Amino acid sequence: MIQSRLIRSYWKRKLYLNYSPYYEERFLFRLFKSALLLLALVLVHAAGMMLLEEMSFGNALWLSITTVTTVGYGDYSASTWQGRVITTVFLYIFAIALLAQLAAEFFDYRTLNRNRKIKGLWRWKDMKDHLLIINTPNDHTEHYLHQLVEQIRLTPKLEAIPIQILTRKYEKGLPDSIASRGVVHHRGVAENNENLQAVNVTTAKYIILIARDAADPISDSLTFDVLSRINEIGTNATVVVEVSQDINRERMKKLGADVVIRPIRVYPELLVRSLVASGTEEVLENLFTHEGDHMIRLDFPFKDKIWSDIVCRFVTSGAGIPMAFINDSGVHVNPLSNTVCSGTGIISLTKSSQRVTVDDAKKCLL
């Protein structure tokens with residue numbers, strides 16, 4: 001039992017060291033030290049060839065390098081027994097073995113860094129002008145992130161921007177559906193200045209601060225804490241913040257949020273639009289509230305009307321703002337101003353205090 005615990009403790013400690021900064025510094029130092037030792041062996045052997053075989057420095061160094069790399073062109077070789085002894089001891093016994101170890105260490109280091117990138121333990125020090133997503137929803141995380149990233153990539157202004165996610169999830173790596181879109185992540189809690197600095201909040205172009213739980217008011221407190229830390233570190237990024245409670249909107253704005261939006265998990269498009277056209281989120285959110293403006297459908301036939309004329313007549317008559325017309329082929333949203341329209345109905349945007357009837361709409365088009 002004790003032996004089993006010791007073994008488990010050893011492997012846990014080894015795994016931790018493999019991903020700690022201390023291990024990385026020690027690893028690089030060992031790699032550098034091995035390279036210096038190899039260089040010393042090659043130079044000592046070259047000096048021996050110059051002394052014992054009467055070679056020039058260039059030829060002696062060439063012999064040492066081709067021997068230690070096991071290329072062995074054979075254009076130069078040691079002819080004296082003393083030269084052969086030095087070659088055997090310094091190159092065959094030590095240098096070649098050291099070179100093999102050095103190569104193995106280098107590939108191990110590359111593998112270690114690759115694993116750290118996959119598992120979200122890598123710090124992308126050179127990343128700047130990127131879009132940083134802080135936190136991920138607790139529920140349906142992969143589906144939401146896939147939709148969000150998809151909308152970002154479909155937006156011309158954001159299609160090529162680097163994307164990084166700070167999240168507690170994805171210990172084994174991001175799903176392929178997200179990673180394949182050029183997204184990387186750093187694993188850690190957002191309520192930590194060191195993690196925020198690791199994802200380069202100071203050099204980010206956009207920051208999206210997602211509410212972990214859209215229905216839990218406590219989520220706003222966590223968001224407020226993260227936003228205050230970002231404010232403390234400093235950033236010039238456009239900051240978009242999700243809030244669960246409308247009462248917290250002003251608090252977020254006072255702390256530096258440029259855009260404050262409700263968490264709407266089914267439509268991440270709204271969040272993306274708020275990034276590229278700040279203010280549109282307020283218009284769109286207004287349509288989702290009962291007290292705000294709303295769409296009405298007015299069913300009546302009309303024929304051969306220019307869309308710009310329809311809009312002007314509706315607005316001047318107080319019948320709202322036409323947003324679409326309906327015909328047998330479907331709903332046509334925001335057609336061009338010179339479109340000639342025939343249909344069976346119009347969808348109009350009206351104030352909640354307005355009462356617009358079909359008869360009012362018909363009069364607009366007389």
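The values are calculated or read from the model by the stated rules, or taken from the named source; none is laboratory data. Just so we're clear, the structure is a prediction, and the values are computed from it rather than from any experiment. As a convention, Cβ positions derive from the backbone with ideal geometry for all residues, glycine included, and neighbour counts pool all protein chains shown.
Of note:
- Top-ranked residue in the stretch 94-121 [being over 30 Å from I178 (Cβ atoms) and of a type in the set (F, W, Y); ranked as surrounded by the fewest Cβ atoms within 10 Å (Cβ to Cβ)]: F106
- Candidates are the residues of the stretch 352-366 that are loosely packed, with under 12 Cβ neighbours inside 10 Å and modelled with pLDDT of 90 or more; the one that is nearest to R297 (Cα to Cα) is T357.
- Every residue from the stretch 61-88 that is part of a helix (DSSP H, G or I) and closer than 15 Å to L51 by Cβ: L61, L63, S64, W81, Q82, G83, R84, V85, I86, T87
- From the options I306, I326, I310, residue that is aliphatic (A, V, I, L, M) and in contact with a helix residue (DSSP H, G or I) (Cβ under 8 Å, 6 or more places away or on another chain): I310
- Single match in A47, A95 (criterion: assigned by TED's automatic domain parsing to the domain that holds S34 and at pLDDT 90 or above): A47
- Every residue from the stretch 115-142 that is at negative phi, acidic (D, E) and at pLDDT 90 or above: E142
- Strands (runs of 3 or more DSSP E) wholly inside the stretch 122-218 that include at least 1 residues being among the β-branched types (V, I, T) and closer than 20 Å to V259 by Cα: 131-134, 163-167, 206-209
- Top-ranked residue of the stretch 234-252 - restricted to ones that are part of a loop (DSSP other than H, G, I, E, B) and among the β-branched types (V, I, T), ranked as surrounded by the fewest Cβ atoms within 10 Å (Cβ to Cβ): T235
- Checked against the criterion of being under 17 Å from D139 (Cβ atoms) and either crowded, with 17+ Cβ neighbours inside 10 Å or within 14 Å of the chain's Cα centre (by Cα) (or both), the candidates A179, A214, A198 yield just one match: A214.
- Filter result for L91 (over 30 Å from A179 (Cα atoms) and under 44 Å from the mean Cα position of the chain (by Cα)): no
- Sole residue being within 26 Å of Q147 (Cα to Cα) and surrounded by 13 or more Cβ atoms within 10 Å (Cβ to Cβ), chosen from L349, L298, L270, L255: L270
- Going through (1) closer than 23 Å to E269 by Cα; (2) surrounded by 14 or more Cβ atoms within 10 Å (Cβ to Cβ) one by one, I310 falls short only on (1).
- Meeting the requirement of 3 or more residues that are among the acidic types (D, E) and either within 30 Å of K253 (Cβ to Cβ) or assigned by TED's automatic domain parsing to the domain that holds R153 (or both), the helices (runs of 4 or more DSSP H) wholly within the stretch 270-366 are 280-286.
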